[in-house]
Amino acid sequence: MNARRRTVLAAGAAGAAALATGCGSSDGDGGEDASPKPSGPGDATGGAELARTGDIPVGGGTVFKERKIVVTQPTEGEFKAFSAVCTHASCLVSTVSGGTINCPCHGSRFSITDAAVEAGPAPRPLPAEEISVSGGAIRLG
């Protein structure tokens, strides 16, 4: 009975791993966000192109929902990246307008310059994310 139970548990674990791998490989919902898709290999690899500099408006930004990142351009040629996960209730921020990154769940707003809380209930700023800008490309890492 022990060997049979181990076989069933092993098969169940393998099936769960395959299911998780299949779910994790999605590129998103294919239309909710008009953001460019990465040109590099894999979704989480450093160096994958996230956007072109011309895609990020000066004084605004773009939310990349599938990456859970928001990239802003507070002043011309200055690019910043932050987590798109609100520090209040873990909702994804949805828009960037009027100099703030905006969360639709409870109205929190964050500065496009440093992600400081401009309006609560978020208790702290959005965490910074690493990007590099070169040759017109904004890349992760």
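Where a number appears in this text, it was derived from the coordinates with a stated rule and is not lab data. This one's a predicted model, so the numbers in the text were calculated from it and none came from an experiment. Positions of Cβ are generated from backbone atoms using ideal geometry, with glycine treated the same way; all protein chains shown enter the neighbour counts.
Each residue, HIS106 and ALA119, gets one label point 7 Å from its Cα in the Cβ direction; the gap between the two is 1.5 nm. So what's the net charge close to ASN102: Lys and Arg +1, Asp and Glu -1, counting the other residues with Cβ under 11 Å from its Cβ? Surrounding charge for ASN102 is 0. Using equal-weight Cα scatterers in the Debye expression, the normalised intensity of segment 83-141 in log10 at q = 0.26 Å⁻¹ is -0.99.
What net charge is computed for the residues neighbouring SER132, neighbours being all others with C-beta under 12 Å from the C-beta of SER132, Lys and Arg scored +1, Asp and Glu -1? Could the numbers behind the result be given before it?
Numbers: positive: ARG139; negative: GLU49, GLU129, GLU130.
So the environment of SER132 carries a net charge of -2.
Among rounded, prolate and oblate, which fits segment 48-122 when a ≥ b ≥ c are the square roots of the eigenvalues of its C-alpha gyration tensor, a/c under 1.5 means rounded, and a/b larger than b/c means prolate? Note, shape of segment 48-122 comes out oblate. For segment 125-133, the Karplus equation 6.51 cos²θ - 1.76 cosθ + 1.60, evaluated at θ = phi - 60°, returns couplings of x, 5, x, 6, 10, 7, 9, 10, 10 Hz by residue, with Gly and Pro reported as x.
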